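The numbers here are math on the coordinates, done by the rules we state, and not lab data. This one's a predicted model, so the numbers in the text were calculated from it and none came from an experiment. Glycine also receives a Cβ, built like all others from the backbone with ideal geometry; neighbour counts cover every protein chain displayed.
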Amino acid sequence: MNGESPTQLFRPHANLCDRVNHNIVQSEIEGGVFLNDLEPRTILFIQTQHHCYTAVFMGDNQALLWGHPQFCPRPISVSIVGSTWGGTMVKSRFVGRGMRLEFNHPEYSTPIVTSPIRDIQERRTATPRPARRALVRN
């Protein structure tokens with residue numbers, strides 16, 4: 001394995017009900033993105049059952065988000081809580097397929113929860129290169 005440790009998969013926990021254990025395992029199968037793994041300015045295209053959102057990750061759990069005709073028709077700064085299975089349990093700082101994105105909107109007192117996420121595409125922005133200096137010959 002070239003000195004790399006294998007990916008640690010979730011093992012069902014005895015103190016969690018079967019449904020919760022199932023949901024956690026299913027989120028690993030479906031896949032997703034942990035916000036901690038993203039570089040600032042990474043762009044996520046999040047296709048839910050009803051809308052296609054664009055999120056420009058700004059760092060920590062902050063993003064510019066748009067794609068919903070009522071809540072964010074234009075880019076707005078939001079705080080991404082994570083993803084949920086439709087109940088009160090949230091997988092923090094994670095955007096997962098088959099789950100619902102939950103985010104805090106500055107104009108609403110309660111979090112907004114999307115329809116189930118069908119697909120997530122990630123695009124990293126190009127890092128600007130330093131300008132080249134012209135060589136001056138004497």
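How many percent of Cα pairs in the range 18-123 exceed 25 Å? Value for the range 18-123 (Cα pairs over 25 Å): 12 percent. The protection proxy used here, the mean number of other Cβ atoms lying within 10 Å of each residue, ranks peptides 46-56, 105-115, 83-93 as follows, highest first: 46-56, 83-93, 105-115.
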